[in-house]
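Each remark here refers to the structure printed beneath this line.
The values are calculated or read from the model by the stated rules, or taken from the named source; none is laboratory data. Since the model is a prediction, treat every value here as computed from it, not as a measurement. With ideal geometry, Cβ positions are generated from the backbone for all residues, glycine too; neighbour counts draw on all protein chains shown.
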Amino acid sequence: MRQLVLIAIGGSLGALARYGISLVVYHQGGETFPWGTLVVNITGCFLIGFFSGIFEGTIIPSAWRSFITIGFIGAYTTFSTYSFETVNLLQDGEISLATANILANNVFGIAFVLLGSGISRLMLKTIA
């Protein structure tokens, strides 16, 4: 139960950090390009890499690992998890699986955004 509470708290903090950082970046860089999302994704990748290195070299209780990785970084950005898993595949020599992961996440991700958007528009037209 303690681990679930820590994940929930970490998730809340990660979501707030994502919102706050995106807001600051958008105000400084404009909204033409999604700079806020890019900054969050890149810093999230750094954080998951940084903490995975820390976790390899130290004994940190699993509840606190979950607070940081699943909770905070998971709510901050899932892009970091995708990137970390791709790096793990590459380090394991699984080039074809890493490539498949990159293509699947990007191609299907974009396709499903379009699909979801199209379905919701059709639903709204039907309701109206």
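Of the residues T43, T32, which single one is in the same structural domain as I73 (by TED's automatic domain parsing) and more than 20 Å from F79 (Cα to Cα)?
Answer to the check: T32.
Of everything in segment 11-50, what is surrounded by 12 or more Cβ atoms within 10 Å (Cβ to Cβ), of a type outside the set (S, T, Y), in contact with a Gly (Cβ under 9 Å, 6 or more places away or on another chain) and over 24 Å from V87 (Cα atoms)? Give them in sequence order.
L13, I21, V24, V25, G29
Residue under question is V40, and the condition is that it be in contact with a Ser or Thr (Cβ under 8 Å, 6 or more places away or on another chain) and at pLDDT 90 or above; does it hold?
Criteria met by V40.
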